[in-house]
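The values are calculated or read from the model by the stated rules, or taken from the named source; none is laboratory data. For clarity, every value in this text was computed on a predicted model and none was experimentally measured. Here Cβ is always computed from backbone atoms with ideal geometry, including for glycine, and neighbour counts include all displayed protein chains. Note: areas computed on protein heavy atoms with side chains; ligands, DNA, RNA excluded. Shrake-Rupley method; radii C 1.70, N 1.55, O 1.52, S 1.80 Å.
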Amino acid sequence: MSTAQAVEAVFRIEAARIIAAVTRVVRDVGIAEEIAQDALVAALEQWPASGIPDRPGAWLTATAKHRAIDLVRRKETYARKLAEVGRTLEDVPPPPEPADPEDIDDDLLRLIFTACHPVLATEARIALTLRLMGGLTTQEIARAFLVSEPAVAQRIVRAKRALAKAAVPFEVPYGADREARLSSVLEVIYLIFNEGYSATSGDDLVRPALCEDALRLARVLAGLMPKEPEVHGLAALLEFQASRIATRTGPDGEPVLLADQNRARWNRLLIARGARAMGRAGSGPYSVQAAIAGCHAAAVRYEDTDWTRIAALYGRLVQLTPSPVVELNRAVAVSMAEGPAAALPLVDALAAEPALSAYHLLPSVRGDLLERLGRTDEARAEFERAAALTRNAQERALLLGRAAAL
């Protein structure tokens, strides 16, 4: 590996911590990201001659902090910034490494709460979080979500401006504000994972790299907020779900249904991590979803799945977060626990839901129930309707295949 490659690899790993540490000084994530990039350029210029430091991450952080302090001194009077930052900025070089690693962790927590601030639209929160916390480039984010690179770049620029205009404080909120902001943070990580786990459009059903980014963010958040049950609930859910990723598609990328997956290939390490996180989870929506995923993970064979418990858990989830999609998932569990005849009325009742009018899984589930009831002509029509609604090529092929088989 060349020095330049080593620099870029280190920066990708440390970028979030560097940006977080600098944001504490300059109070602007946009400026902090620019300063972090300046530190990267300095490393690319100096390390080929001086060699890679023993602690490259600390070197980059110290360099970025030093530049941030210089910027603060140039822009504002020394005394005014002293009061704002709340610490002395002496005329000495910064320490070679962060004096207190815990401070960096605190800054990371502040950074993720800032990137996921509700003042931003959901798409902007996702893009900014992946950029600042995930270390993804604009091109990588655009490719992951199948949107143009200029569109992603614009979202990120507007997000930074919106945060600056709203004077969003670089802090972890408390009380009711913290609860509201935490739900935003969890939602962003959940949405990132789901887009990787089951892509809404494009040629690939699964995008593992996006799942890995979301899982890493969930683990970071769980480490930074060890006393928040729902954080552990989300971490457990993603660990369980990630354990099955390798078996969700066949050799050509075609979907493999849960009943047909090779459970011997499920990642037992991730399942064990999920179980440990579950031990610290609570009773909120992500924790309940994690319990459902845990039921699947615990079943050695598909036939061993405890569908009665899963249906009950979905019933609890409906009470916590009423949603037509959750109701549809509950209907699937009921069909497995009590039979398709018991579930069909539940699905039919959702037909008038506006939120599901273009949701391909509604006719897909209905088609499956009708097929199991022997109503093949109706089932075929439902599978064809579902295929017309989905934007994912692999799902479309699966649904058309099921229709053709009937």
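How much area per residue is accessible in the chain when the probe is 1.4 Å and only protein heavy atoms are counted (Å²)?
Per-residue accessible area for the chain comes out at 48 Å².
Using only the Cα atoms of the stretch 1-71, what semi-axes does the equivalent ellipsoid have when each is the square root of 5 times a gyration tensor eigenvalue? Give whole Å, largest first.
Here the semi-axes work out to 21, 11, 9 Å.
If I take all pairs of Cα atoms in the stretch 356-406, what percentage of them are more than 16 Å from each other?
Distances greater than 16 Å cover 27 percent of the Cα pairs.
Å³ per residue of the Cα convex hull, for the stretch 319-406?
Dividing the Cα hull volume of the stretch 319-406 by its residue count gives 96 Å³.
Projected area of the stretch 123-225, taken from the Cα convex hull and averaged over every viewing direction, in nm²?
Average projection, Cα convex hull of the stretch 123-225: 6.7 nm².
Please go through the stretch 256-334 and write out the trypsin sites (Lys or Arg not before Pro) that DSSP classes as loop and that have at most 16 other C-beta atoms within 10 Å.
Qualifying residues, ordered by number: Arg301.
Could you pull the Cα extents of the stretch 303-362 along its three principal axes, largest to smallest, in whole Å?
35, 26, 16
Net charge near Glu378, counting Lys/Arg +1 and Asp/Glu -1 over other residues with Cβ under 14 Å of its Cβ? Walk me through the numbers on the way to the answer.
On the way: positive: Arg366, Arg372, Arg375, Arg380, Arg385, Arg402; negative: Asp348, Asp368, Glu371, Asp377, Glu382, Glu384.
Result for the neighbourhood of Glu378: 0.
Rounded to a whole number, what % of the accessible area of the chain do carbon and sulfur atoms account for, probe 1.4 Å?
About 52 percent, which is the carbon plus sulfur part of the accessible surface.
If I take all pairs of Cα atoms in the stretch 245-395, what percentage of them are more than 26 Å from each other?
For the stretch 245-395, the share of Cα pairs beyond 26 Å comes to 32 percent.
Can you give the three extents of the C-alpha atoms in the chain along their principal axes, from longest to shortest, in whole Å?
Here the spans come out as 81, 46, 37 Å, largest first.
Count the net charge of all other residues whose Cβ sits under 14 Å from the Cβ of Pro173, scoring Lys and Arg as +1 and Asp and Glu as -1. The partial results should precede the final answer.
Values: positive: Arg110, Arg178, Arg181; negative: Asp106, Glu171, Asp177, Glu179, Glu228.
In short, -2.
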